[in-house]
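**Q** The structure is given below, and queries will be raised subsequently.
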């Protein structure tokens, strides 16, 4: 009994306490009636879709306890939390809403709805709010000042998506008024809100929020530099200011934020140098300053125990090397340094980044080998695209990387055999090895059908042998690009039946024979994959593949350089999504009709090098690139700009076009290249063509029948890189306004009738590389007395066959510094001279098309491509650009003329240097400055009146391949140093006054005798004249005096035309003064009557004479 009493004494109090707690708990959570009523009124006032609703649809008055409703939180019967996010509420929220009578509300989340109204000012009534989230709720207009009355707010989120235009704004009130009372705020999200304040104003306004930990104001239209007052926010852990116009420095004070975990300043136009101290903040997890194109910096020596796991510096001007201490970043999972200016070798310590998932080093200047990454087991994405990496790839590089999805090694100088293990990585989906030096055959690999590869790009290498059949067993393969290699053998396209997902096939420009199956029945056609990109250039096709008729989803088709004869079938123009078509270098003779009502969507059409006659096609209204060159077209419509208004690249070269150049060529607002060369256009050059230079980069009107003056009103905004007016009949002075073309690289005015002096004003163009003025009527000295400008890029100069006279200016030659370049520099920069149609040609990608062609055209192109994966489009685009398609690059050509030398360089090597001053009236010794042009490959000084010795320093010209000094007055010995010119393959020293033995002991004896003829004092091989016992004759003194007396053996040819032997001949013979007067004036008269006659200065002994010679050039 006593035990029972003791039990009751303890149990009853405990039960009463527990009952009290339960009653209190029920009272705390059970919804008061008036609160339920307010919620039901709120539900009835809102417009939402019951089918998608997960919260409001379940609110029901039959359920007494509103605290149990989805999205509702209570405390002591009062609603303190309300979450109506993602309910797709529309129709607005009004000031009279019952929401604003929930006076105990502390947490309100209305995110991700579609209210479509302004934010009600009655939000100010919710005085107890601590967390307010209106992000992406569809509110528009000015943020009300009443928000600033919510003084208990700890977190405020008014952000909206970056994909939309600014819908909310802070103008009046501004940000200072909004936050002036929000001193308790720890998290502030205003992303996407348009803020009108400049840097100092918004920075100072925020500096009062001393408890702020998260500041997120991306895409807020912020301007001006970040003010130093922001450093007062010492508690900051997260700073996000992406996508603004801050355009200033990153404050050094950011380095002192010891709690900082996230710093994102992406695409905010930051400049200057990034503070290195920020990298060393121990707590920092995420650093993203990408896409600030003027932001400089370098990677420091990283400390131990840093927390950094995401580092994005891409699209900045960060430079230098990656330090070995990169391995100290033990937690690093994302490293993106793409499109910067980093250089040097990749440190082997990178192999210790065991947590790395994404590693993007593309578009830099890294060199050396790729370090092994086989212990980075989490690696999923690896790209070193477009660097200078060398070495081979071993199978161990990526061995054991079971999660690796993407490898991009494209655009480097890697070589050796491609290990087959790359194709068998179990998770690999994309493999890019394009634009390298990989060579040899590809091995077959087993169990191909079990692998995940869907993109393989091996284009632009030196791979050879048969294409492995393993590729055609990759069941998921979508993209196979093998173009521009040395594969051989035959390919039967019926193997594609095994690849149902394949949409891209590139076999162009190999040594392949591609056979097209007959497709005799509907089944074989239906089982053939639906192609979108088909590249079969140089595949020995003899006709248009019949199966193409059924490939209605084609985007790109390349059948160039095959053996296809006959008409272009009409059906090829009717593919709605076809944007690229290349049928060049075939034997096509016509366009099959009917051509009426055609409405092609082609952006790029290349028909060059066929036999197409008649009028040029004009049904490609969206075309940006048209190449109709080397055909038989004979007519261009006069309103061409109305048919194809968006042209970017337009070539009609080498056709049968006649008449005047129509003004419609001037009306293409985006035109960057116009090539009308090798036609029969006549009349004058339209003035609008020379004035319209702000977009035009290449203008080629060579080899026509153009006449008249060239307008001297070239635009001050001239953007020309290449101007060729060669081989017309243009007259007058060279326009001085050409100096406005400050980016001009090639100027070819040769073979015209230009008649002024040497164009010193072109010295203002520092970019000029090729200057061709040959065969004109230019005169005067080759010098520029009052100019100190350097033509530092000039490496081809052709002034031949003019009337230049006097001595060549040594100071002018000294300014041609490119011709003095050393061998090492030359070989490092080996390549061909070209002209980019795009800025930053080497790095341009599909996403950059907005900067090149009309925005509307890009939008339409995206629609035509039907949401194609970006990686696929970018691969195809990069292939076209690399292959000089899309008008991406324009290659220049030049002809070098000399005795036994007529070289037509279709592609000019960028290291090729030439100087041709032949067939002028230049005199004096060969300038010492000329033999300092050590990079010269071709030197032609023939048919002038140069005198004195050949300087012994001619041996400086170690790269010289051709030298012509014939028909001058050079005297003395041939210097022995000429024997050291080991690359010399053309030499002409004929018709001078050279003496002595021809140097021995080198290839100089291998030249023909005519290279030395006309020098009576020369002896030795290859001449038949022996030198005798004493070896050589004594040379004449190099000093000579220019005299007007005439030697008997050089009496002018006009004596044969005189009459009255007694009256004329005898005085000429016996009266020296009359003889000299007569000869001079008769020569001048004949020169004026017969322009083909030219003066030539010759030396005989110590005397110098002027004679007339017929110019046969």
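The values are calculated or read from the model by the stated rules, or taken from the named source; none is laboratory data. Just so we're clear, the structure is a prediction, and the values are computed from it rather than from any experiment. Heads up, the Cβs are rebuilt from the backbone with ideal geometry, glycines too, and the neighbour counts pull from every protein chain shown.
**Q** When you scan segment 730-740, do you find a residue that is over 30 Å from residue 919 (Cα atoms) and out of contact with any strand residue (DSSP E or B) (no Cβ under 6 Å at 6 or more places or on another chain), even just one? Write out each step before concluding.
**A** Taking segment 730-740 as the starting set, the residues that turn out to be over 30 Å from residue 919 (Cα atoms) are 740.
Then keep just the ones that are out of contact with any strand residue (DSSP E or B) (no Cβ under 6 Å at 6 or more places or on another chain); that gives 740.
There is at least one residue in segment 730-740 that is over 30 Å from residue 919 (Cα atoms) and out of contact with any strand residue (DSSP E or B) (no Cβ under 6 Å at 6 or more places or on another chain).
**Q** While we're on this one: Filter segment 80-121 for residues that are more than 19 Å from residue 167 (Cβ to Cβ) and in a strand (DSSP E or B) and give the result.
**A** Passing the criteria: 80, 81, 82, 83, 107, 108.
**Q** Does residue 710 satisfy the condition of being touching a strand residue (DSSP E or B) at 6+ places or on another chain (Cβ under 8 Å), without any contact (Cβ under 8 Å) to a residue 60 or more places away in the chain and either within 16 Å of residue 797 (Cα to Cα) or assigned to a loop (DSSP other than H, G, I, E, B) (or both)?
**A** Details: touching a strand residue (DSSP E or B) at 6+ places or on another chain (Cβ under 8 Å): yes; without any contact (Cβ under 8 Å) to a residue 60 or more places away in the chain: yes; either within 16 Å of residue 797 (Cα to Cα) or assigned to a loop (DSSP other than H, G, I, E, B) (or both): yes.
So residue 710 fits the description; yes.
**Q** Of all residues in segment 405-434, which are part of a loop (DSSP other than H, G, I, E, B) and surrounded by 22 or more Cβ atoms within 10 Å (Cβ to Cβ)? Give the steps one after another, and end with the answer.
**A** Here is the first cut: in segment 405-434, the residues part of a loop (DSSP other than H, G, I, E, B) are 405, 409-412, 417-419, 425-429, 433-434.
If the condition is that a residue be part of a loop (DSSP other than H, G, I, E, B) and surrounded by 22 or more Cβ atoms within 10 Å (Cβ to Cβ), then 409, 410, 411, 412, 418, 428, 433, 434 are the ones that fit.
**Q** Okay, moving on. Would you check which residues across segment 1019-1042 are surrounded by 14 or more Cβ atoms within 10 Å (Cβ to Cβ), modelled with pLDDT of 85 or more and over 56 Å from the mean Cα position of the chain (by Cα) and list them?
**A** If the condition is that a residue be surrounded by 14 or more Cβ atoms within 10 Å (Cβ to Cβ), modelled with pLDDT of 85 or more and over 56 Å from the mean Cα position of the chain (by Cα), then 1019, 1020, 1025, 1027 are the ones that fit.
**Q** Looking only at residues in segment 134-152 that are closer than 20 Å to residue 215 by Cα and in contact with a strand residue (DSSP E or B) (Cβ under 6 Å, 6 or more places away or on another chain), which one is surrounded by the fewest Cβ atoms within 10 Å (Cβ to Cβ)?
**A** 135
**Q** Strands (runs of 3 or more DSSP E) wholly in segment 126-203 with at least 3 residues that are modelled with pLDDT of 95 or more - which ones?
**A** Numbers: elements: 131-133, 155-157, 168-170, 187-189.
Here the list reads 131-133, 155-157, 187-189.
**Q** Shifting gears a bit: Can residue 452 be described as farther than 17 Å from residue 442 by Cα and either modelled with pLDDT of 95 or more or out of contact with any strand residue (DSSP E or B) (no Cβ under 8 Å at 6 or more places or on another chain) (or both)? It would help to see each step written out before you state the result.
**A** Numbers: farther than 17 Å from residue 442 by Cα: yes; either modelled with pLDDT of 95 or more or out of contact with any strand residue (DSSP E or B) (no Cβ under 8 Å at 6 or more places or on another chain) (or both): yes.
When the stated conditions are applied, residue 452 passes them.
**Q** Residues being surrounded by fewer than 22 Cβ atoms within 10 Å (Cβ to Cβ) and in contact (Cβ under 8 Å) with a residue 60 or more places away in the chain: count how many of those fall in segment 655-674.
**A** The qualifying residues number 1.
**Q** Right, here's the next one. Please enumerate the residues belonging to segment 244-272 that are in a loop (DSSP other than H, G, I, E, B), more than 35 Å from the chain's Cα centre (by Cα) and surrounded by fewer than 20 Cβ atoms within 10 Å (Cβ to Cβ). Reasoning before the result, please.
**A** Step one: of segment 244-272, the residues in a loop (DSSP other than H, G, I, E, B) are 244, 246-251, 257-261, 265-270.
In the following step, the residues that additionally are more than 35 Å from the chain's Cα centre (by Cα) were identified as 257-261.
Of everything in segment 244-272, those that are in a loop (DSSP other than H, G, I, E, B), more than 35 Å from the chain's Cα centre (by Cα) and surrounded by fewer than 20 Cβ atoms within 10 Å (Cβ to Cβ) turn out to be 258, 259, 261.
**Q** Run residue 460 past the list (1) within 25 Å of residue 530 (Cβ to Cβ); (2) assigned to a loop (DSSP other than H, G, I, E, B) and report the number of the one that doesn't hold.
**A** Among (1) within 25 Å of residue 530 (Cβ to Cβ); (2) assigned to a loop (DSSP other than H, G, I, E, B), the lone unmet condition for residue 460 is (1).
**Q** Taking residue 311, is it touching a residue at least 12 places away in the same chain (Cβ under 8 Å), under 21 Å from residue 240 (Cα atoms) and touching a helix residue (DSSP H, G or I) at 6+ places or on another chain (Cβ under 7 Å)? Even if it seems obvious, please write down each step before you answer.
**A** Working: touching a residue at least 12 places away in the same chain (Cβ under 8 Å): yes; under 21 Å from residue 240 (Cα atoms): yes; touching a helix residue (DSSP H, G or I) at 6+ places or on another chain (Cβ under 7 Å): no.
It is false that residue 311 is touching a residue at least 12 places away in the same chain (Cβ under 8 Å), under 21 Å from residue 240 (Cα atoms) and touching a helix residue (DSSP H, G or I) at 6+ places or on another chain (Cβ under 7 Å).
**Q** Further question: Out of segment 52-84, which residues are under 60 Å from the mean Cα position of the chain (by Cα), surrounded by 17 or more Cβ atoms within 10 Å (Cβ to Cβ) and farther than 20 Å from residue 122 by Cα?
**A** 53, 55, 56, 59, 69, 71, 72, listed by residue number.
**Q** I would also like to ask the following. Here's a check for you: in segment 31-51, which residue that is in contact with a helix residue (DSSP H, G or I) (Cβ under 6 Å, 6 or more places away or on another chain) and part of a loop (DSSP other than H, G, I, E, B) is surrounded by the most Cβ atoms within 10 Å (Cβ to Cβ)?
**A** Taking the candidates together, the pick is 31.
**Q** Inspect segment 897-907 for any residue being within 25 Å of residue 977 (Cα to Cα), in contact with a strand residue (DSSP E or B) (Cβ under 7 Å, 6 or more places away or on another chain), assigned to a strand (DSSP E or B) and at pLDDT below 90 and give the result as yes or no.
**A** Yes: one or more hits.
**Q** Here's something else I'd like to know. If we scan segment 399-408, do we find a residue that is under 21 Å from residue 341 (Cβ atoms) and modelled with pLDDT of 95 or more? Show your work before the answer.
**A** First, pick out the residues of segment 399-408 that are under 21 Å from residue 341 (Cβ atoms): 408.
Subsequent filtering for residues that are modelled with pLDDT of 95 or more retains 408.
Within segment 399-408 (the criterion being under 21 Å from residue 341 (Cβ atoms) and modelled with pLDDT of 95 or more), the answer is yes, since at least one residue qualifies.
**Q** Within segment 731-753, which residues are crowded, with 23+ Cβ neighbours inside 10 Å and over 33 Å from the mean Cα position of the chain (by Cα)?
**A** Result: 752, single match.
**Q** Could you tell me which numbered condition residue 319 fails, if it satisfies all but one of (1) in the same structural domain as residue 382 (by TED's automatic domain parsing); (2) crowded, with 19+ Cβ neighbours inside 10 Å?
**A** (2)
**Q** Taking residue 552 as meeting all but one of (1) without any contact (Cβ under 8 Å) to a residue 60 or more places away in the chain; (2) assigned to a loop (DSSP other than H, G, I, E, B); (3) on the phi < 0 side of the Ramachandran plot; (4) surrounded by 15 or more Cβ atoms within 10 Å (Cβ to Cβ), write down the number of the exception.
**A** Tallying (1) without any contact (Cβ under 8 Å) to a residue 60 or more places away in the chain; (2) assigned to a loop (DSSP other than H, G, I, E, B); (3) on the phi < 0 side of the Ramachandran plot; (4) surrounded by 15 or more Cβ atoms within 10 Å (Cβ to Cβ), residue 552 fails exactly one: (4).
**Q** Moving to a separate point now. Please go through segment 971-983 and pick out each residue that is at pLDDT 90 or above, in a loop (DSSP other than H, G, I, E, B) and surrounded by fewer than 21 Cβ atoms within 10 Å (Cβ to Cβ).
**A** Narrowing segment 971-983 to residues at pLDDT 90 or above: 971-975.
Now drop any that are not in a loop (DSSP other than H, G, I, E, B), which leaves 973-975.
Those that are at pLDDT 90 or above, in a loop (DSSP other than H, G, I, E, B) and surrounded by fewer than 21 Cβ atoms within 10 Å (Cβ to Cβ): 973, 975.
**Q** Follow-up question, since we're still on this one. Take the residues in segment 11-30 that are touching a strand residue (DSSP E or B) at 6+ places or on another chain (Cβ under 9 Å) and in a helix (DSSP H, G or I), then tell me which one is modelled with the lowest pLDDT.
**A** 28
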